[in-house]
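Heads up: the structure comes next, in structure tokens.
The values are calculated or read from the model by the stated rules, or taken from the named source; none is laboratory data. Worth saying up front: this structure is predicted, and the values here are computed from it rather than measured. Note that we place each Cβ from the backbone using ideal geometry, even for glycine, and neighbour counts take in every protein chain shown.
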Amino acid sequence: MRKIIRLFLVIGLAIFSSSALAADTKVFNVYTDANSPDNHYIASGYMGDYADVSMDNKSMSNPNSGSTCIKVVYSAKKTQGQGWVGIYWQNPPNNWGSKKGGFDLTGMTKLSFWMKGEKGGEIIDKVVVGGIKGLYPDSSEIAFGPFKLTDSWKEYTVNLAGKDLSYISGGFSWIINSDSNPQGSIFYIDDVKFIADTTVKPETKKQEEMPFYVYSDRGAMQNHFIASGYMGDTSDIKTDLGSVENPYSGSTCIKIEYNNNISYGARWAGVYWQNPANNWGGIDGGLDLSKATKITFWARGEKGNERIEEFKVGGILGEYSDSDSAGIGPVILTKEWKQYTIDLTGKDVSYILGGFCWSTNIDVNPDGIVFYLDEIKYE
Amino acid sequence: MKRISAILAGGLLIFCILFPVCHAATGLKVTKVTIKKLKDSRYQLLVNNKPYIIKGVCYNPVPIGESHDYDFWSDPLQPWIIDGKLMKDMGINTVRFYQVGENPEAVKKVIGDLYSLYGIRTMMGHWLGFWNYPAPFYGDADFRENVKKSVLDMVREYKDEPGILFWVLGNENNYSFSGKLNPWSSAEIDAIEDPVAQISERARVYYSFVNEIAEEIHKIDPNHPVAMGNGEMITLDIAREVAPAVDIVTCLIYRGRSFGNIFKGLKNMFDRPLMLLEFGCDAYNAYTKQEDQDVQAKFLEDQWVQIYKNLAVNKTGEGNCLGGAIFEWTDEWWKNKEHDPDSWSVHDTGSNWSNGAYYFDIKVEGNKNMNEEWFGIVALSPELENGLNKRILRKSYFTLKEFWKKPYDKIKKDKKK
């Protein structure tokens, strides 16, 4: 009987130590040095244009501490046609939620990591903790970014206080895109760790300052929301966020082509700019834009007389819903740039996931249309 | 003779003052329903001077195998008798009818039975010709006159029924302004080039018409308010300009668990009391392909929590909500394929529309997740009981029954979380 109890204790201890962390654990390393026994998670989850990136996790090129750091070389060639790339540190390796393997990081209040760029000015789209879906989904997804690297080591921290970290199989990931880094980039990562710092308190949503851009120029740091929410006949839409065809201001504008193939039989199409990308209300990603009284944008049609049924902000409804919605339309575009305004007076824009949206249909544009947008901003 | 007439007239006047109007058949008093405006645009519905919270349900008890043209008003099986009892037990105090039936005596019996037997009052609707063929030409004088006459005839016929709570004009008719549903126009509107101005003009024409009818109703029936049934809050800013005679704005809202900013939003758009005329959640999960009573119960409870938070008595909310009517009492098996009689006896799990606010099953292929035949808080069984489809009470029935017993307990509990 004693033997059996002892066996249970051993098994129990083994299970506990492999998947759960004691609440008083102060630091939980993801990467300190190559081959460090303290490392957790494996950099196995390649996403997007995975052939555009090479990563050396034993680089001895001036690490922040210890003897090695991680060196990433990104070519921005869009080899897989995605325009972005990212890598997840997973447990076990290559686990996209099909296997059980998350760590219980309860008690950790922040992620700390160090980064630097080869030249400085490299833009990291975001760093993410958690967010793996599948059969065994992570209990949270916390994103941080975009941010611009300097040419010397700098510590970045992500506030995790108050988040449900009870099951995290995707411990750390970074994403970079070709719009922000059209020539590619080289950057370094070191000392990635979770820390239980009791002085860190849960972040309250801050009111964003105005003007607050949805789009100013391709890859601009001040851009917010991602043009990810394709609707209706999605295959009939082509979006170029870096069109140089007569932008209203800066060096680029957005060119949208909507053809009349009616690929999925919907007879309409539209795109939402979302936060984070592809968020249809499943993620707590709303931004507080309460200081805005309007959103303005510039638009023109390639020929003139293109009809957009609606330009809109907010209106995404899901587990997390936009706090309100406002729109204008139908709008008949002119060949010349013209500014449009959506009045937000009296609207509750304290929680906005869907920062901007357009939609139209084939019945009012039987031959399809090409139109342009620029300088989309909350004011 | 003149003196006798004068004495009789005087006596009648005193009688009327002392004794409010009584219904001839039942002896029950005609209800006096008013809106009380409080500070900060908070509103209360008063029934015979007492606050009344509308705990309502949309009632259209189409049996299995029948479709929209089934006339329940004249059904000798009297489904409202068994349904009214179940409603009363649950805590429902109001039903919403979309439009009166053809036989006034039958309609009066239904309204009267529900009220006299169970204390359930009636919100009586009128489509305002929205489904007429050809399209509802709200700018056409003859069309307007016909619709107006039909509404006023209804009011004259039923205004003295003690069970009447108020009149509801229209049901999402504003979705026609953009031309996407039941499109209509006029030469004047067609002459407008700007499509936005066209929509605004249709709204102006329609809401002016609603206002005209509301004014006439007030002359005929000073005892019952007039509500307007709007799809979402679309174009209510124009209603504010041209429809001051409307007493209550009622909205049909399908925003999932939350009504969002509607309470505050309405204050900005059209300062009137708000009643949620239709809302709810279907009990079928299109993604897992099975009935899901838990989700329906959860969504409905969350929706009612918001309604109670925004009643006039609750200081923390906007205070402009009068209550709501759940869509709907029983499932309707004809709705998914309304033109296929064979399908009316089948509980279809198909869907014709998509709504991300009902996120639990939005991932179904094609995202069509709104299962029209599964919105009832009461399911129907093909098995008959006294000639009627047996009523099977869903979880939401019991959840709301408990909620209405102590609604503020639930709100307090939510706050603590």
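The table that follows gives values for the structure above.
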| item | result |
| --- | --- |
| Any pair with Cβ under 9 angstrom, 6 or more apart, that starts in region B:56-71 at a residue that is closer than 9 Å to B:Glu328 by Cβ and in a loop (DSSP other than H, G, I, E, B) and ends at one that is of a type in the set (Gly, Ala, Ser) and at pLDDT below 95 | none |
| Inter-residue pairs, beta-carbon under 6 Å, first farther than 26 Å from A:Asp38 by Cβ and in region A:175-199, second in a strand (DSSP E or B) and of a type in the set (Ser, Thr, Tyr), 6+ apart | A:Ile176/A:Tyr74; A:Gly184/A:Tyr74; A:Ser185/A:Tyr74 |
| Residue match in region B:174-196 (condition: under 13 Å from B:Met228 (Cα atoms) and either of a type in the set (A, V, I, L, M, F, W, C) or within 18 Å of the chain's Cα centre (by Cα) (or both)) | yes |
| Evaluation of B:Asn336 against (1) in a loop (DSSP other than H, G, I, E, B); (2) surrounded by fewer than 22 Cβ atoms within 10 Å (Cβ to Cβ); (3) in contact (Cβ under 8 Å) with a residue 40 or more places away in the chain; (4) in contact with a Gly (Cβ under 7 Å, 6 or more places away or on another chain) (one fails), failing number | (3) |
| Answer from A:Gly281, A:Gly346, A:Gly354, A:Gly314 - the residue that is within 12 Å of chain B (Cβ to nearest Cβ) and without any contact (Cβ under 8 Å) to a residue 24 or more places away in the chain | A:Gly346 |
| Residue satisfying condition, being assigned by TED's automatic domain parsing to the domain that holds A:Lys255, modelled with pLDDT of 95 or more, on the phi > 0 side of the Ramachandran plot and not β-branched (Val, Ile, Thr), within set A:Gly329, A:Gly346, A:Gly314 | A:Gly314 |
| Residue list for region B:156-175, restricted to those being assigned to a helix (DSSP H, G or I) and buried (at least 22 other Cβ atoms within 10 Å of the Cβ) | B:Asn173, B:Asn174 |
| Failed item, numbered, when B:Gly366 is tested on (1) under 30 Å from B:Lys85 (Cα atoms); (2) touching a residue at least 12 places away in the same chain (Cβ under 8 Å) | (1) |
| Members of region B:266-301 that are more than 21 Å from B:Asp331 (Cα to Cα) and of a type outside the set (A, V, I, L, M, F, W, C) | B:Lys267, B:Asn268, B:Asp271, B:Arg272, B:Pro273 |
| Matching residues in region B:340-379 - criterion: being among the aromatic types (Phe, Trp, Tyr), under 23 Å from the mean Cα position of the chain (by Cα) and within 14 Å of chain A (Cβ to nearest Cβ) | B:Trp353, B:Tyr358 |
| Any chance A:Glu375 is modelled with pLDDT of 95 or more, at the interface with another protein chain (Cβ under 10 Å from one of its Cβ atoms) and surrounded by fewer than 23 Cβ atoms within 10 Å (Cβ to Cβ) | no |
| Of all residues making up region A:24-47, the number that are of a type in the set (Val, Ile, Thr) and not in a strand (DSSP E or B) | 2 |
| Among the residues listed as A:Asp288, A:Asp322, A:Asp367, A:Asp363, the single one being among the charged types (D, E, K, R), surrounded by fewer than 19 Cβ atoms within 10 Å (Cβ to Cβ) and within 13 Å of chain B (Cβ to nearest Cβ) | A:Asp363 |
| Count - residues of region B:300-333 that are aromatic (Phe, Trp, Tyr) and outside any loop (DSSP other than H, G, I, E, B) | 2 |
| Residue ID - surrounded by the fewest Cβ atoms within 10 Å (Cβ to Cβ), chosen from residues in region B:252-285 that are more than 9 Å from chain A (Cβ to nearest Cβ) and among the charged types (D, E, K, R) | B:Asp271 |
| Hits in region A:255-278 - residues which are crowded, with 23+ Cβ neighbours inside 10 Å and either more than 22 Å from B:Asn367 (Cα to Cα) or without any contact (Cβ under 8 Å) to a residue 24 or more places away in the chain (or both) | A:Ile256 |
